[in-house]
Amino acid sequence: MNARSLAYLSRCSVSELVKSAQHVLSRALTTLDPNPSFVDDSFVNLNGKSSIDTGYNMESVDLNLLFQLQQYGFSRTPYVINKLISLCAKVGDLGAGIQLHCAVVKMGFFSNVYISSALVGVYVKCANVTSAKQLFDEMPHRNVVTWNSLISGYLKIFCPEIALGLFLEMLRVGIMPTAYGVSAILLGCAQLEAGELGTQIHGLSFKYGFFSNVVAGTSLVNMYAKCTKVKESRRVFDRMPERNVVTWTTMLTGYAQNKLPVEAMILFREMWQIGLDLNRVTYNSLLSSFSGRDHLDHCKQIHSRIIREGLESNLFIQATLLSVYSECDCSLEDFHKIFLGITQWDQITWNAVVAGFSRLECGEEALQCFSNMRRKGFSIDFFTFSSILRTIGKVSALEMGKQTHALVFKTGYASNVFVQNGLVSMYTRCGFINDVKKVFFAMDEHDLISWNSLLLGCAYHGYGQEVGKLFEQMKNMGIQPDENTILSVLSACSHVGLLEKGLEYVELFGEL
């Protein structure tokens, strides 16, 4: 697959990918042998030796010592070279991996598919997917491990379209997928929220008998949940012959992501009753399903259990508790108790505190925490900016807003759509419509939130005629209005006395 093909895949829509995948997957279902006589995915038998035969526990040997062995000629066998490369991947040492790559070429082992596949794995583990792809293209032979490594690399950098293209190309050239490969590509379907395509991969996994594989089954549960097909996700979960704590947590996370807290609580109780070892991921997933005042009691119950389990000092759980308590509209006193109990701080914790104070309408506290976060040298991301811009808009602190706008440019987040929407909303709340328009029309892309912020600002500040024109532009771009759009447009018509136009919009909105 060349660079032009990769560029095309990165621009493909989900529907185009699904269409192109149908033929390849149908062909794979009827032509590839699901029961090959032997598929050697390992390197254990390459030269008749195992790690025991070498006399070393390779996983525990110091990497520098292994390099010295290589230098003095004691590791010039393919097996030991492969172990060196695997160790580089395990510790994420890109520099050592590059040195070994050079040594492999020098010693004439580049044509060895196992060694070259291991090198691809090193580049992928070190997030250098460009080098991994270059090496992949140069390889005279590739096995399923080579393909799986590169596919995983593109998924790690959130390029699911390219990963899917590689998976389909692998099927076209007649390489049978493994359970690991199917699990990886299901993650790509989840990233794309391509449920239809995921269903086709589900069919492929049945043919090859991967449904009994707990990793592949868990990936199916995750894929359906991410594609908002919770019933299908639960159906797969219930039919799995084997489930581990990751499977259960994945199902619970699916309920949380789809805002089904009651179902999440029921599943959590089942996990507790059968004696599963509940971890921080389980508790984080369950807590994240709570998002309203009605869920505050559930939140407190789980918080009590977290304290009994001794997990209250975990940074991730503390950040989640801060977010959930503020979203559940708790008292400021409850929020303060968690806030004061934090002994270690990181970017995620600071973001949760700033966002929490903002949600609880404590603007001064949010601004003070933002100032402390910067003063202590923690990095700021798009989430920080979104939260603090919302706070600035609520308290109409225009000067602070302009300073933050300048900081957005300085830190390189000026093109982030979430930050841009925050700026539009902030200037709207402060009543500076000219600045709102400048930010809005400088944006490369506009989503519904962007348009609603602009329409609301113009309507609220008396630009009724302009709201109508902007709404027509929004419709022409194919963006579907929601109740906030409708409210802004009708409010604008009311303010400027456009009764007939308002009635037209009422009729139009009734058809949507």
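Residues in region 355-390 that are surrounded by 20 or more Cβ atoms within 10 Å (Cβ to Cβ) and of a type in the set (Asp, Glu): 365 alone.
Here is a yes/no grid of residues against (1) more than 30 Å from residue 181 (Cα to Cα); (2) buried (at least 20 other Cβ atoms within 10 Å of the Cβ):
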| position | (1), (2) |
| --- | --- |
| 201 | no, yes |
| 207 | no, no |
| 215 | no, no |
| 241 | no, no |
| 251 | no, yes |
| 265 | yes, no |
| 287 | yes, yes |
| 298 | yes, yes |
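If only residues of region 112-143 that are more than 25 Å from residue 172 (Cβ to Cβ) and in contact with a Leu (Cβ under 7 Å, 6 or more places away or on another chain) are counted, the one that is surrounded by the fewest Cβ atoms within 10 Å (Cβ to Cβ) is 128. Does region 149-169 include one or more residues that are among the charged types (D, E, K, R) and in contact (Cβ under 8 Å) with a residue 60 or more places away in the chain? The answer is yes; a qualifying residue exists. Which condition number does residue 439 fail, the rest of (1) at pLDDT 90 or above; (2) buried (at least 17 other Cβ atoms within 10 Å of the Cβ); (3) over 28 Å from the mean Cα position of the chain (by Cα) being met? Condition (3) is where residue 439 drops out. When 237, 158, 211 are screened for being closer than 27 Å to residue 260 by Cβ and not in a helix (DSSP H, G or I), only 158 passes. Filtered by the rule that a residue be in a loop (DSSP other than H, G, I, E, B) and either free of Cβ contacts under 8 Å to residues at least 60 places away in the same chain or of a type in the set (Val, Ile, Thr) (or both), region 129-148 gives 139, 140, 141, 142. Could you please let me know if residue 126 is without any contact (Cβ under 8 Å) to a residue 40 or more places away in the chain, on the phi < 0 side of the Ramachandran plot and touching an Asp or Glu at 6+ places or on another chain (Cβ under 9 Å)? For residue 126, the condition - without any contact (Cβ under 8 Å) to a residue 40 or more places away in the chain, on the phi < 0 side of the Ramachandran plot and touching an Asp or Glu at 6+ places or on another chain (Cβ under 9 Å) - is met. Condition check: surrounded by 14 or more Cβ atoms within 10 Å (Cβ to Cβ), of a type outside the set (Val, Ile, Thr) and not in a helix (DSSP H, G or I). Does residue 291 satisfy that? Yes, satisfied.
Check region 327-338 and report whether any residue there is assigned to a helix (DSSP H, G or I), under 21 Å from residue 305 (Cβ atoms), under 25 Å from the mean Cα position of the chain (by Cα) and modelled with pLDDT under 90. Scanning region 327-338, I find at least one residue that is assigned to a helix (DSSP H, G or I), under 21 Å from residue 305 (Cβ atoms), under 25 Å from the mean Cα position of the chain (by Cα) and modelled with pLDDT under 90, so the answer is yes.
The values are calculated or read from the model by the stated rules, or taken from the named source; none is laboratory data. Here the structure is a predicted model, which is why all the values come from computation and not from measurement. Positions of Cβ are backbone-derived with ideal geometry, glycine not excepted, and every protein chain shown enters the neighbour counts.
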